[in-house]
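Quick notes on the structure that follows.
The values are calculated or read from the model by the stated rules, or taken from the named source; none is laboratory data. Every value quoted in this text rests on a predicted model; they were computed, and no experiment measured them. Every residue, glycine among them, receives a Cβ derived from its backbone with ideal geometry; neighbour counts consider all protein chains shown. Accessible surface areas use protein heavy atoms only, side chains included; no ligands, DNA or RNA. Shrake-Rupley method; radii C 1.70, N 1.55, O 1.52, S 1.80 Å.
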Amino acid sequence: MKNIESYAARTNGTVMLNANECYKNISGEIVKELQEAIAELEFNRYPDESSRELIQAYANVKKLDAGYLIAGNGSDEMLGLMIGYFLGKGKKLLTLSPDFSMYDYYASMHESEVVKFPCEQDGSFSIADFIEFGREHHVDMVLFSNPNNPTGHFVSNAQLCKIAEAFPRIPVIIDEAYGEFAKESMLAYLDTYHNLYVTRTLSKAYGFAGARLGFLISCPSNIAKLKPVLVPYNISSLTQRAGVIVLRHAAEYELLVEEIQLERDMLYHKLKQLKNVTFYPSQANYLYGRSSYKQELLKAMEKEGIVIRNYEGKDSFRITVGSPAENAIVLSVLQEFDRKAVAV
């Protein structure tokens, strides 16, 4: 395996805003339903290998047929499945820079080359140039997150369709880990482009990161080809049952997503006024920023017990949108930091 940047987001603090987790834990009602479900589970039996009930529950929420889905141990497993199935030694994966580091991890495991197209500082990029770049490098897969992790930049469906059309013979995978927070999704185009795959997760919008549940979504013919190579019993009986229960409460999570979107937009509106820190528009549940005084900013955050995502060796960082109370603290720290930086 090549040397790649390790993924390590979890550290300790009073206000944890570094891993893009949902600030709110599952409700007492869901906990009660989980407790009742545990009493009925046969732990001496292997789980349903097809995750039938779980897949149907998610399909119902997304208004899809169950034949469009595979369930995984987080969307990470689904990304690893796709890279392992389509790539290998000498094959090339086209992604963005910056983007989610796990793409490098899985590609490296399979001795595949990762070709990265550089984005602007706000995460934007030319679709035409991206397509030309991919063609010049003769890539075997296109994969990137949308909204982008870490920048929060969002590529419209119309632009993504151009990419799917430009690479009709290779898989185009859109990682929609933060898709619930965005204004559009490529789920509506699965029948239009048979090279299109979308990954989703319950870790972010559903606040279910501890359970590790994700989905790969594509047209039924693609899903049928991938099912035989999926690891048997990849999701435990307990996790499957928990996922079904959480998905019953999907309407409640839609309200939570709306709240987070409002908080995000409020924060950005106020933070873009700062003089010594630059923030960028986001369609995710976090804000991406840059500052030439980043180390001082990190110390100011640490002093208040706030943990944010720091990108070593760069002037950038990322802050998860938390609860209204947490966001108020972050806003206060940033505004005070900016005032002191201006004074100096």
*Listed residues Phe100, Phe86; which is closer than 16 Å to Ile173 by Cβ, in contact with a Pro (Cβ under 6 Å, 6 or more places away or on another chain) and in the same structural domain as Asn234 (by the TED database)?*
Phe86
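Taking region 283-306 as the region of interest, how many residues are under 19 Å from the mean Cα position of the chain (by Cα) and within 19 Å of Val15 (Cβ to Cβ)?
Start the filter on region 283-306 by keeping residues that are under 19 Å from the mean Cα position of the chain (by Cα), which leaves 283-289.
Subsequent filtering for residues that are within 19 Å of Val15 (Cβ to Cβ) retains 284-289.
Matching residues across region 283-306 total 6.
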_Any pair with Cβ under 6 angstrom, 6 or more apart, that starts in region 140-155 at a residue that is modelled with pLDDT of 95 or more and ends at one that is assigned to a strand (DSSP E or B) and of a type in the set (Val, Ile, Thr)_ = Val142/Val172; Leu143/Thr95; Leu143/Ile173; Phe144/Thr95; Asn146/Ile174
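Is it the case that region 214-221 has a residue that's touching a residue at least 60 places away in the same chain (Cβ under 8 Å) and on the phi > 0 side of the Ramachandran plot? Talk me through it step by step, then tell me what you get.
We begin by selecting, within region 214-221, every residue touching a residue at least 60 places away in the same chain (Cβ under 8 Å); these are 214-220.
Applying the additional criterion that residues be on the phi > 0 side of the Ramachandran plot yields none.
There is no residue in region 214-221 that is touching a residue at least 60 places away in the same chain (Cβ under 8 Å) and on the phi > 0 side of the Ramachandran plot.
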*So which residues in region 37-51 are open to solvent by 100 Å² or more (accessible area, probe 1.4 Å) and either over 25 Å from Leu216 (Cβ atoms) or within 24 Å of the chain's Cα centre (by Cα) (or both), if there are any at all?*
Glu40, Glu42, Phe43, Asn44, Arg45
*Is there any pair with a first residue in region 269-291 that is touching a residue at least 40 places away in the same chain (Cβ under 8 Å) and more than 14 Å from Asn149 (Cα to Cα) and a second that is open to solvent by less than 40 Å² (accessible area, probe 1.4 Å) and aromatic (Phe, Trp, Tyr) whose Cβ atoms are under 9 Å apart and which are 6 or more apart or on different chains, and what are they?*
Leu271/Phe279; Leu274/Phe337; Asn276/Phe337; Val277/Phe337; Arg290/Phe279; Arg290/Tyr280; Arg290/Phe317
_Which residue is farthest from the chain's Cα centre (by Cα), if the candidates are limited to region 221-237 and must be polar (S, T, N, Q) and more than 20 Å from Met186 (Cα to Cα)?_
Ser237
*Given (1) touching a Phe, Trp or Tyr at 6+ places or on another chain (Cβ under 9 Å); (2) buried (at least 20 other Cβ atoms within 10 Å of the Cβ), where does Phe208 come up short, assuming only one miss?*
(1)
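Among Ser156, Ser145, Ser185, which is touching a strand residue (DSSP E or B) at 6+ places or on another chain (Cβ under 6 Å) and of a type in the set (S, T, N, Q)? Break it down into steps so the answer makes sense when it comes.
Working: Ser156 fails: touching a strand residue (DSSP E or B) at 6+ places or on another chain (Cβ under 6 Å); Ser185 fails: touching a strand residue (DSSP E or B) at 6+ places or on another chain (Cβ under 6 Å).
Among Ser156, Ser145, Ser185, only Ser145 is touching a strand residue (DSSP E or B) at 6+ places or on another chain (Cβ under 6 Å) and of a type in the set (S, T, N, Q).
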*Any idea which residue in region 161-220 is farthest from the chain's Cα centre (by Cα), counting only those that are of a type in the set (Val, Ile, Thr) and assigned to a loop (DSSP other than H, G, I, E, B)?*
Thr192
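Quick one: in region 129-138, of everything that is surrounded by fewer than 20 Cβ atoms within 10 Å (Cβ to Cβ) and in contact (Cβ under 8 Å) with a residue 24 or more places away in the chain, which residue is nearest to the chain's Cα centre (by Cα)? If you could, list the steps in order and put the result at the bottom.
Within region 129-138, the first condition is being surrounded by fewer than 20 Cβ atoms within 10 Å (Cβ to Cβ), and the residues that meet it are 129, 131-133, 135-138.
Add one more test, that the residue is in contact (Cβ under 8 Å) with a residue 24 or more places away in the chain, and what stays is 131, 133, 135, 137-138.
Details: Ile131: 23, Phe133: 24, Arg135: 26, His137: 26, His138: 27 Å.
That would be Ile131.
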